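The values are calculated or read from the model by the stated rules, or taken from the named source; none is laboratory data. These numbers were taken from a predicted model, which means no experiment stands behind them. So basically every Cβ, Gly included, is an ideal-geometry build from the backbone, and we count neighbours across all protein chains shown.
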Amino acid sequence: MTLIKSISGIRGTIGGQPGENLTPVDVVECTASLGIWLKRRNGNQKIVVGRDGRISGSIVSNLAVNTLLSMGIDVVDLGLSTTPTVEMMVPKLNAGAGIIFTASHNPKEWNALKFLTHTGEFISGEDGQEIIDIIKEGSLVFSEVDHLGQYSTYEGSMEYHIAEILKYRHVNVEALRNAGFHVVVDCINSTGAISLPPLLDALGVKYTLLNDDNFGHFAHNPEPLPKHLEQLSETVIAQKAHLGISVDPDVDRLAFVNEDGSMFGEEFTLVAVADYILSREKGNTVSNLSSTRALADVTHRHGGSYSASAVGEVNVVNEMKRTNAIIGGEGNGGVIVPDLHYGRDALAGVAIFLSLLAEKGMSMTELKATYPTYVIIKDKLELTPALDLDLIFANIKETFKNEKLNDIDGLKIDFAEGWVHMRKSNTEPIVRIYCEAKDDNTAQSLIQKVKAII
């Protein structure tokens, strides 16, 4: 059982002892700390909240909502929603902050509170640390009965989100409606089931839904990795569909399956979307240090500039703003379109990607063949007290001192033939080890070089 309090919010497993897991005590404590942070920052004491389809979602949401009301903070509840929808609704409803109740790709026993600023963006590292410090102080103050917050709901958030996507200049609605696409969608028994159908209906795309009704009881591990998408692959082949679409429980990550059941590759979701946008508008791109080199290749092909940030959506967004990037994201299938909002958005990613496919007139496998060929390995180590990361990184730096090293987020080693990146996860008690090269043998060789030191 686990509880992680980080600059990204609070995340943990349901049940167990307070302070060790995500219990009601921890939910109240952390929500109240956000409330105090908000009161210190500005006079706008209204928070927009929404949740994914997790079993624990309504319990966690109710605890947090009532905590905020008890502090005199108004709450607008979107109910079942998606992360990008909540991100867009915070500024739309002129709120001072937002909370999304979701553990993203984590299994059903997990949940989390993700905190947003008044712009609908994830809080900064400094703000996250301030909230953590407030938790440690334990100086929580609640309002008297005549000064409690007001509770309200908002019903039209999904419609607003989809309408904004349809208006985006790089979504070709006409081409999509004429393409005759049939897609299979794995909704993972969460809010993809209520967000993707209205989007696809508006785009004129025929669809078959998988795992769309038993909310919270995930049909498989929700991280969109190949080994978790076998049902989707088999259904795409059986239905002779053009492609398969996989989203995670809060619909901010996106992966595709080709018409032959093979993986398009979650790393190439952003690459393809960026390729399409850059073919229509010159500009710069950003991804994190653990993402494929293919984005840089495609960006340079279109005459743009590519930059890498530390891992984490807020870091990608900051780098996008610094470089005035027109598209960015992460290699986990996260697409950020700043003209819509600064957050990963699988709904926007679907509309843009299908526009690309409609205009190209290609199959998925034909499209994938137009991109640079890379193999990426995503490995991990359990984070235990016996694992001394500082010592490990020091040894690796000494061993590979003649290679290009980057330590802004863990440690990345750039070899001529590929790269290896090691970093402590913000969302799980693990150390992630990612490696990329032109072929599988080279990638395996590089990652084993580094793991041998560990």
message = Of everything in the range 16-55, what is closer than 20 Å to His105 by Cβ and not charged (D, E, K, R)? Give them in sequence order.
response = Asn21, Leu22, Gly50, Gly53, Ile55
note = Picked from the range 427-453 (must be surrounded by 14 or more Cβ atoms within 10 Å (Cβ to Cβ) and among the charged types (D, E, K, R)), the residue farthest from Gly9 (Cα to Cα) is Lys438
remark   = Among (1) at pLDDT below 95; (2) over 23 Å from Tyr371 (Cβ atoms); (3) not hydrophobic (A, V, I, L, M, F, W, C), Asp250 falls short only on (1)
ask   = Restricting attention to the range 11-55, and to residues there that are without any contact (Cβ under 8 Å) to a residue 24 or more places away in the chain and acidic (Asp, Glu), which single residue is surrounded by the fewest Cβ atoms within 10 Å (Cβ to Cβ)?
value = Glu20
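Residue under question is Tyr154, and the condition is that it be surrounded by fewer than 16 Cβ atoms within 10 Å (Cβ to Cβ), closer than 30 Å to Gln45 by Cα, touching a residue at least 24 places away in the same chain (Cβ under 8 Å) and not basic (Lys, Arg); does it hold?
For Tyr154, the condition - surrounded by fewer than 16 Cβ atoms within 10 Å (Cβ to Cβ), closer than 30 Å to Gln45 by Cα, touching a residue at least 24 places away in the same chain (Cβ under 8 Å) and not basic (Lys, Arg) - is not met.
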note = Expected single match for closer than 30 Å to Ala103 by Cβ, at pLDDT 90 or above and among the basic types (Lys, Arg) among Lys401, Lys360, Lys412 is Lys412
request  = Give the number of residues within the range 422-454 that are under 30 Å from Asn111 (Cβ atoms), in a loop (DSSP other than H, G, I, E, B) and either small (Gly, Ala, Ser) or at pLDDT 90 or above (or both).
outcome  = 1
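Looking only at residues in the range 64-98 that are among the aliphatic types (A, V, I, L, M) and surrounded by fewer than 20 Cβ atoms within 10 Å (Cβ to Cβ), which one is farthest from the chain's Cα centre (by Cα)?
Leu69
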remark   = Scanning the range 54-82 residue by residue, the ones that are out of contact with any Ser or Thr (no Cβ under 8 Å at 6 or more places or on another chain) and either modelled with pLDDT under 95 or not in a helix (DSSP H, G or I) (or both) total 3
remark   = Those helices (runs of 4 or more DSSP H) completely within the range 317-421 that have 3 or more residues that are crowded, with 21+ Cβ neighbours inside 10 Å are 346-360
